[in-house]
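J.: After the structure tokens below, expect a handful of questions from me.
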Amino acid sequence: MVKLSVIVPFYNVQTYAPDTLKSLAANAREDFEFLLVDDCSRDETPQILERAARELPGARLLRHEKNGGLATARNTGLDAARGEYLTFLDGDDWLAPGHLSDLLGAIEELGCDFVRTDHVQCTARARTISRVPHGRRGVVMNPRDVILPADRSTSVDYAYAWAGIYHRRLLDSGVLRFRDGLRTAEDRPWIWRLHREAESMAVVGLLGVFYRRGVASSLTQIGDVRQLDFLRAFDQVIEETAQDRDADTLLPKAVRTYCAIISHHLGSIERFEPQVARALRELSAAALKRMPQDVLREALDSMDVQRASRLRRLRRRPVASGVAA
């Protein structure tokens, strides 16, 4: 029986994939499987994965015929997973030896739907600990209870799928799937659904995931049109949260977070290609008009002057009919 399925998408990461795979080997157990998803890489990544499929215990290689993006690649892994528990890793990150066994032990001891962990952020040679924004550790909680408050960073803002482990019942109920085709911010609707629909969670202080920042091929470093997928991702958050039984309570958080992300991108708009920058302004203005206007007004009133002023100016911008993300 497979105890744990580890889903690892790869796309053009020939420089980093060997370290990732080496760290998986240092975590291998006979009851673990590693689902290596090649998202139609065009460098030497496929050859590296072919060797790993032969040499890494429990490895299975899954290939896309065309590039689908991280969300779709994770779904491919989910479709193939056989484990009682599931977790994720990205193809340019790595794990400490034995981390997966520690992670599995934590969720089995706590008996909850999912467990979230801290991680180590790696930028060049610098190492920074990034913690789940919730103080209680090793205590089983209702995931809904840690979505709020609206004006502070909470667990739904810590949207890293690989920073945790999840019981298979979440997969079987559809909660763990990602929106196919999202190229960025794919974790945002996912983490919101997880917190709204799962019944129990816990946070533990394990530090075994190493997240590589500043990778040149990462979408966080690229200012092309794929970055605008954050609008579709947050539209989904707003739409699904508006249908929730606690919509009146939760929507202020969802709207305020969406506004903060729009403001963040506008504040660094010079990194975008010119046509993408124009699209960012137009699509963001349309997004503000789609939001519940009473909730939006309250959100803007609660923000600092610089961000609120930027968003209010954008909100007044004329939008052509039919504009959508």
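J.: So how tilted is helix 70-80 from the main axis of the chain? Cα-based, degrees 0 to 90, rounded to 10.
T.: Roughly 40 degrees, rounded to the nearest 10.
J.: Could you identify which residue out of Phe272, Phe210, Phe114 has the top mean-square fluctuation in a GNM of the chain using Cα springs shorter than 10 Å?
T.: Phe272
J.: Something else: Can you tell me the orientation of helix 187-197 relative to the chain, as the angle in degrees between its alpha-carbon axis and the longest Cα principal axis, to the nearest 10?
T.: Tilt relative to the chain: about 90 degrees.
J.: May I pose another question? For the range 257-273, just list the computed ³J(HN,Hα) in residue order, Karplus coefficients 6.51, -1.76 and 1.60, θ = phi - 60°, integers in Hz, with x standing in for Gly and Pro.
T.: Those phi angles translate into 5, 4, 4, 5, 5, 4, 4, 4, 5, 5, x, 10, 5, 5, 7, 8, 4 Hz.
J.: Can you compute the helix-only [θ] at 222 nm over the chain? Use -39500 (n - 2.57) per DSSP H run of at least 4 residues, normalise by all residues, nearest 500 deg cm²/dmol.
T.: -12500 deg cm²/dmol
J.: What share of Cα pairs, in percent, lie more than 35 angstrom apart in the chain? Let's see the in-between values first.
T.: Values: 11139 of 52650 pairs.
Within the chain, distances greater than 35 Å cover 21 percent of Cα pairs.
J.: Just how large is the dipole of the range 222-315 about the Cα centre, in debye to the nearest 20, putting +1 at every Lys and Arg Cβ and -1 at every Asp and Glu Cβ?
T.: Values: 16 positive and 15 negative charges, 83 e Å.
Once rounded to the nearest 20, the dipole reads 400 debye.
J.: Stick to the Cα atoms of the range 222-315, pair each with every other, and give me the Kirkwood hydrodynamic radius in Å at one decimal. If you can, show how the numbers build up before the last one.
T.: On the way: mean 1/r = 0.0741 Å⁻¹.
Answer for the range 222-315: a Kirkwood hydrodynamic radius of 13.5 Å.
J.: Could you list which residues have their amide H under 5 Å from that of Val139, counting only those 5 or more apart in sequence or on another chain, with H placed in the peptide plane?
T.: For Val139, whose amide H was placed from the backbone, the distant partners under 5 Å are Val203.
J.: Right, something else. List the residues whose amide H sits under 5 Å from the amide H of Val37, counting only those 5 or more places along or on another chain, with H placed 1.01 Å from N in the peptide plane.
T.: For Val37, whose amide H was placed from the backbone, the distant partners under 5 Å are Val8, Phe10, Leu62.
J.: With +1 assigned to the C-beta of every Lys and Arg and -1 to the C-beta of every Asp and Glu, and no other charges, what is the dipole magnitude of the chain about the Cα centre in debye, to the nearest 20?
T.: Numbers: 47 positive and 45 negative charges, 235 e Å.
The dipole magnitude comes to about 1140 debye.
J.: Let me ask something else about it. Fewest to most neighbouring Cβ within 10 Å: what's the order for Cys112, Cys259, Cys40?
T.: Numbers: Cys112 20, Cys259 26, Cys40 15.
In increasing order of surrounding Cβ atoms, one gets Cys40, Cys112, Cys259.
J.: Would you work out which of Leu61, Ala126, Gly77 lies farthest towards the positive end of the dipole of the chain, given +1 charges on the beta-carbon of Lys and Arg and -1 on that of Asp and Glu, about the Cα centre?
T.: Ala126
J.: Ok, one more. Out of the range 23-53, which GluC sites (Glu not before Pro) are coil in DSSP terms and have no more than 12 other C-beta atoms within 10 Å?
T.: On the way: sites: Glu30, Glu33, Glu44, Glu50; in loops: Glu30, Glu44.
Those satisfying the criteria are Glu30.
J.: Dividing the convex hull volume of the Cα atoms of the range 10-72 by its residue count, what figure in Å³ per residue is obtained?
T.: 79
J.: Taking other Cβ within 10 Å of each residue's Cβ, how do Thr123, Thr257 sort, fewest first?
T.: On the way: Thr123 12, Thr257 22.
Ascending Cβ contact count within 10 Å gives the list Thr123, Thr257.
J.: Hey, another quick one. Amide H of Phe88 versus every other amide H placed in the peptide plane: which residues, excluding those fewer than 5 positions away on the same chain, fall under 5 Å?
T.: For Phe88, whose amide H was placed from the backbone, the distant partners under 5 Å are Ile7, Gly164.
J.: A further question follows. Using a Gaussian network for the chain with springs between C-alpha atoms less than 10 Å apart, which of these wobbles most: Ile147, Ile107, Ile269?
T.: Of the options given, Ile269 has the highest mean-square fluctuation.
J.: With a 10 Å cut-off between alpha carbons and a GNM built on the chain, which of Arg290, Arg177, Arg281 moves the most?
T.: Maximum fluctuation in the GNM of the chain, among the listed residues, is at Arg290.
Throughout, read-outs are computed from the coordinates displayed, never taken from laboratory work. This structure is a prediction, so every number in the text was calculated from the model and none was measured. Here Cβ is always computed from backbone atoms with ideal geometry, including for glycine, and neighbour counts include all displayed protein chains.
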